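Here, each number is a calculation from the coordinates, and none is a lab measurement. What you are looking at is a predicted structure, and each value in this text was computed from that prediction instead of being measured. All Cβ positions, even for glycine, are placed from backbone atoms using ideal geometry, and neighbour counts span all protein chains on display.
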Amino acid sequence: MKPAALLRDPLVSALIVGALLVIGIFALFWPVELDEYDRWGFRIDCGTGFASSYDQAAIADQQPPSPPQSQSGYVDGCQSAVLWRRGWASAVLALGVGAGLVLLLNPEDRRVSE
């Protein structure tokens, strides 16, 4: 079966739409963390795509960095990471919802049989 014909199959399209929706929702629930560690050795947690929490980043910003040339500004990094996660997860969700609406409202599937 050709790839173009495979994408016209309603079952395959529904599976793709479902996967897009699951990936988008899962991405918003997945924790957002920076690649940096605070001075106690814990990764800096920024919350999730739904609810951000910058408490640990703010505490890490208040402490002097252990190596003097290490990066600070963890709150800004967390805000950027959460914004990035919300951006691409919302785009995947919007793509899934749009494709689902096209699949549901497709006039070719509503032929009247005679």
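Net charge near A27, counting Lys/Arg +1 and Asp/Glu -1 over other residues with Cβ under 11 Å of its Cβ? Could you put the intermediate results ahead of the total?
On the way: positive: R85, R86; negative: none.
Local charge sum for A27: +2.
Magnitude of the Cβ-charge dipole of the range 31-90, K/R +1 and D/E -1, about the Cα centre, nearest 20 debye? All intermediate terms of the calculation are to be shown ahead of the outcome.
Details: 4 positive and 8 negative charges, 28 e Å.
Dipole size: approximately 140 debye.
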| remark: Rounded to one decimal in nm, the spacing of the 7 Å Cα→Cβ label points at L83 and E33 is 2.4 nm
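Given a Förster distance of 30 Å, report the FRET efficiency between A19 and A51 from their Cβ-Cβ distance, rounded to the nearest 0.05. Walk me through the intermediate numbers first.
Working: r = 25 Å, r/R0 = 0.82.
FRET efficiency, A19 to A51: 0.75.
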| Given F50, L34, Y74, which one lies farthest toward the positive end of the charge dipole of the range 31-90, if we put +1 on the Cβ of every Lys and Arg and -1 on the Cβ of every Asp and Glu? | F50
